[in-house]
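The values are calculated or read from the model by the stated rules, or taken from the named source; none is laboratory data. The structure displayed is predicted, hence computed values, not measured ones. Every residue, glycine among them, receives a Cβ derived from its backbone with ideal geometry; neighbour counts consider all protein chains shown. The area values use the complete protein model at the heavy-atom level, side chains included, leaving out ligands, DNA and RNA. Shrake-Rupley method; radii C 1.70, N 1.55, O 1.52, S 1.80 Å.
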Amino acid sequence: MNGRAQNRAYVIEGVSLYGDTAADLVLIDGVISSLSAADAPAEAQRIDAAGLVALPGLVDLHTHLREPGREDAETIETGSRSAARGGFTAVHAMANTTPTADTAGVVEQVWSRGREVGLVDVFPVGAVTVGLNGTQLSEMGAMANSRAQVRVFSDDGKCVHDALLMRRALEYVKTFGGVVAQHAQDPRLTEGSQMNEGLVSAELGLAGWPSVAEESIIARDVLLAGHVGSRVHICHVSTAGSVEIIRWAKSKGIDVTTEVMPHHLLLTDESARGYDARFKVNPPLRTQADVDAVRAGLADGTIDIVATDHAPHPDEDKDCEWGAAAMGMIGLETALGIVQRTMVDSGALSWRDVARVMSETPARIGRDDDHGRPLEVGEPANVTLVDPQAAWTVEPSATASRSNNSPFGGIELPGRAVATFLRGAATYLDDRFEGVPA
């Protein structure tokens with residue numbers, strides 16, 4: 001625990017564990033010490049949690065924090081604030097920084113800065129290839145053996161499109177229990193693409209991004225993973241065809257895991273009709289049939305987790321014509337509300353399922369041993385409190401992120417995280433960040 005957070009005893013009274021059983025959570029010395037308020041010391045801070053749901057601290061396997069190199073868009077501190085407010089206790093910071101996180105030195109810099117800020121655990125993701133250039137494997141072993149102990153590797157933003165290189169990467173990470181997280185996008189099939197290929201792209205005159213560009217890479221990579229007996233993780237699944245390929249791969253015993261982003265659970269390519277670049281994202285927003293398919297895939301376990309792909313950009317990179325705009329949107333603070341709106345309130349997922357797809361399974365995939373743990377006595381006190389009745393309207397300029405490129409402005413969401421505890425210390429509580437300047 002860094003010195004900036006205030007580690008004290010807390011009693012979270014009358015909270016609903018996983019939306020099921022009511023209990024008291026007593027947090028002392030970084031662990032859950034009891035499920036009864038009667039066991040709490042007199043000096044413990046008491047929190048009335050009636051009506052709130054307790055979940056293990058959320059874990060995001062796919063976050064862009066931009067530091068080093070693009071601190072105008074985000075920093076590890078501002079991104080950590082946004083994560084803590086969103087209910088996250090751990091995030092995995094993608095490697096497409098400047099310089100690229102392709103050496104032990106860079107990943108240790110990111111890891112150390114995350115520890116210094118202390119609001120969430122920041123786990124660096126190492127690049128698969130040097131400079132994300134897709135031609136030479138990075139120093140994955142050195143990054144795995146560094147203080148950051150990297151276990152997730154990705155060229156996210158770019159696809160590892162060379163099949164032989166992808167095979168070698170899968171073989172390499174297998175030696176230390178790592179995983180390659182693939183950005184599934186055939187570069188030749190998406191040259192100049194601007195949005196999902198379909199009726200809307202044709203009507204708008206924007207170059208189409210075909211579903212097969214994603215699906216063909218997923219098909220290749222699950223076969224490669226099965227061939228070498230390694231783990232592969234597929235980033236931001238967005239099409240119905242991708243869900244079917246993954247479902248087939250899992251039926252064959254291939255060790256593949258997958259993620260879906262909140263925006264692909266809610267928005268469709270119809271959002272592009274106003275040429276508002278806040279809706280420009282990679283992979284693009286798809287059709288309603290695709291949205292229905294990824295929701296079903298998440299509900300039946302074909303898709304393993306929800307990740308945010310939080311991608312901050314300064315105003316000038318989005319406030320321009322569609323073709324020149326950067327791809328991506330912020331999402332750390334809206335993720336939980338969107339999952340509640342699309343999956344929980346519809347009955348497709350329970351709150352215990354939310355714990356699985358937003359905490360337990362992402363922690364397992366990322367080898368985050370202290371996160372995603374059960375809400376039981378003796379376990380690390382990484383806890384998120386959710387108010388499922390806290391309807392709120394998204395205001396992008398009010399987020400803790402340095403950027404405000406959210407497509408959800410003006411949308412009402414049904415619930416939100418109201419408190420976050422990292423190893424027993426409140427990082428976000430009473431609408432303020434504990435232990436750091438407001």
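Filtering region 328-348 to residues that are part of a loop (DSSP other than H, G, I, E, B), under 15 Å from W392 (Cβ atoms) and of a type in the set (V, I, T) leaves only T334. Evaluation of T334 against the conditions (1) buried (at least 24 other Cβ atoms within 10 Å of the Cβ); (2) more than 20 Å from A400 (Cβ to Cβ); (3) of a type in the set (S, T, N, Q) shows that the sole unmet condition is (2).
Of the residues Q194, Q185, the single one that is touching an Asp or Glu at 6+ places or on another chain (Cβ under 9 Å), crowded, with 19+ Cβ neighbours inside 10 Å, among the polar types (S, T, N, Q) and closer than 30 Å to D276 by Cα is Q185. Checking each residue in region 97-123 for being among the acidic types (D, E) and either surrounded by fewer than 19 Cβ atoms within 10 Å (Cβ to Cβ) or more than 13 Å from T427 (Cα to Cα) (or both) picks out D102, E108, E116. As for region 63-75, it holds no residue that is outside the structural domain of T100 (by TED's automatic domain parsing), in a strand (DSSP E or B) and either under 30 Å from G347 (Cα atoms) or open to solvent by 40 Å² or more (accessible area, probe 1.4 Å) (or both).
Residues are listed down the side, and each one gets a yes or a no for (1) among the charged types (D, E, K, R); (2) in contact with a strand residue (DSSP E or B) (Cβ under 9 Å, 6 or more places away or on another chain); (3) more than 25 Å from V339 (Cβ to Cβ); (4) in contact (Cβ under 8 Å) with a residue 12 or more places away in the chain:
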site: S201; (1), (2), (3), (4): no, yes, yes, yes
site: E215; (1), (2), (3), (4): yes, no, no, yes
site: V232; (1), (2), (3), (4): no, yes, no, yes
site: A240; (1), (2), (3), (4): no, no, no, yes
site: V243; (1), (2), (3), (4): no, yes, no, yes
site: S251; (1), (2), (3), (4): no, no, yes, no
site: I254; (1), (2), (3), (4): no, yes, yes, yes
site: T257; (1), (2), (3), (4): no, yes, no, yes
site: R286; (1), (2), (3), (4): yes, yes, no, yes
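Filtering T287, T257 for residues that are more than 19 Å from G331 (Cα to Cα), under 15 Å from the mean Cα position of the chain (by Cα) and surrounded by fewer than 23 Cβ atoms within 10 Å (Cβ to Cβ) leaves a single hit, T257. For region 267-302, a tally of residues being outside any loop (DSSP other than H, G, I, E, B) and in contact with a Phe, Trp or Tyr (Cβ under 6 Å, 6 or more places away or on another chain) returns 3.
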